[in-house]
Amino acid sequence: KQEVTQIPAALSVPEGENLVLNCSFTDSAIYNLQWFRQDPGKGLTSLLLIQSSQREQTSGRLNASLDKSSGRSTLYIAASQPGDSATYLCAVTDTDKLIFGTGTRLQVFP
Amino acid sequence: DAGVIQSPRHEVTEMGQEVTLRCKPISGHNSLFWYRQTMMRGLELLIYFNNNVPIDDSGMPEDRFSAKMPNASFSTLKIQPSEPRDSAVYFCASRETRAFFGQGTRLTVV
């Protein structure tokens, strides 16, 4: 059974820092991995999608990498801003299912 | 496209009542997912459909829960009878490659 874990569970940093959020999965037979952002009381917003054949994807200040063999993905946030404060979730597509990690709650303070 | 549309946004009902949650997926997406989110358990996959066909409903907690997708543009999640422990935010998502989420329905059963 695929299990997805995210570390750390919570993170509080000053504005301007570069951040790394981690996502681990137990079964490397995935089709893709997706990173989401969730603001309090809101739905999930898709940030980046990495196909299983890809190593990384970039969007603005965000960069996500994927290492299938080790079952890991990282989300790198450059020059963090208070507006980046949210919960970040990774999800793997395993067969057809989209299986989520537990999330990292990020707070960026001015 | 307006994205994934869920209704209602909020629902408060009394224990024992029937509750129906609705979802309109993004046009052209061939997969649809229903999730439940609580503080204790995070995001749980309840059921998903491919091309309107239920593929895996192993996450449906009890027989009180049922889901249908009569056509490619509409799905329902029904709880009958509802119980206080069903209180949660219910999300619908659709996907062709990248998954997109609706804003969720916040259900409170009193």
Original post:
If you take the residues in the stretch A:1-26 that are under 13 Å from residue A:91 (Cβ atoms) and among the β-branched types (Val, Ile, Thr), which one is surrounded by the fewest Cβ atoms within 10 Å (Cβ to Cβ)?
Top reply: A:5
Original post:
With respect to residue B:21, is the statement that it is closer than 25 Å to residue A:9 by Cα and either under 14 Å from the mean Cα position of the chain (by Cα) or facing chain A (nearest Cβ under 10 Å) (or both) true?
Top reply: no
Original post:
Do we find a residue being more than 14 Å from chain B (Cβ to nearest Cβ) and in contact (Cβ under 8 Å) with a residue 24 or more places away in the chain anywhere in the stretch A:40-59?
Top reply: no
Original post:
Looking at the stretch B:74-99, which of its residues are within 14 Å of chain A (Cβ to nearest Cβ) and out of contact with any Ser or Thr (no Cβ under 6 Å at 6 or more places or on another chain)?
Top reply: B:89, B:91, B:92, B:93, B:94, B:96, B:97, B:99
Subject >> Which numbered condition residue A:88 fails, given (1) within 11 Å of chain B (Cβ to nearest Cβ); (2) assigned to a strand (DSSP E or B); (3) touching a residue at least 60 places away in the same chain (Cβ under 8 Å) >> reply: (1)
Subject >> Qualifying strands (runs of 3 or more DSSP E) (wholly inside the stretch B:66-110; at least 1 residues being modelled with pLDDT of 95 or more and surrounded by fewer than 18 Cβ atoms within 10 Å (Cβ to Cβ)) >> reply: B:74-79, B:105-109
**OP:** From the list A:73, A:69, pick out the single residue that is assigned to a strand (DSSP E or B), away from chain B (no Cβ under 14 Å), on the phi < 0 side of the Ramachandran plot and not aliphatic (A, V, I, L, M).
**Re:** A:73
Original post:
Just to be sure, is residue B:97 of a type in the set (Val, Ile, Thr), free of Cβ contacts under 8 Å to residues at least 60 places away in the same chain and over 17 Å from residue B:7 (Cα atoms)?
Top reply: yes
**OP:** Working carefully through the options A:102, A:87, A:93, find the one that is surrounded by 15 or more Cβ atoms within 10 Å (Cβ to Cβ), at pLDDT below 95 and touching a Gly at 6+ places or on another chain (Cβ under 7 Å).
**Re:** A:102
**OP:** Test residue A:97 against the stated conditions and say whether it is farther than 24 Å from residue B:30 by Cα and either over 12 Å from the mean Cα position of the chain (by Cα) or away from every other protein chain (no Cβ under 14 Å) (or both).
**Re:** no
Original post:
Which condition number does residue A:80 fail, the rest of (1) surrounded by 14 or more Cβ atoms within 10 Å (Cβ to Cβ); (2) part of a strand (DSSP E or B); (3) away from chain B (no Cβ under 14 Å); (4) more than 10 Å from the chain's Cα centre (by Cα) being met?
Top reply: (2)
**OP:** Run down B:55, B:47 and say which single residue is of a type in the set (A, V, I, L, M), within 11 Å of chain A (Cβ to nearest Cβ) and under 21 Å from residue A:43 (Cα atoms).
**Re:** B:47
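The values are calculated or read from the model by the stated rules, or taken from the named source; none is laboratory data. Note that the structure is a prediction, hence the values are computed from the model and not measured. Ideal geometry is used to build each Cβ from the backbone, glycine not excepted, and the neighbour counts take in all protein chains shown.
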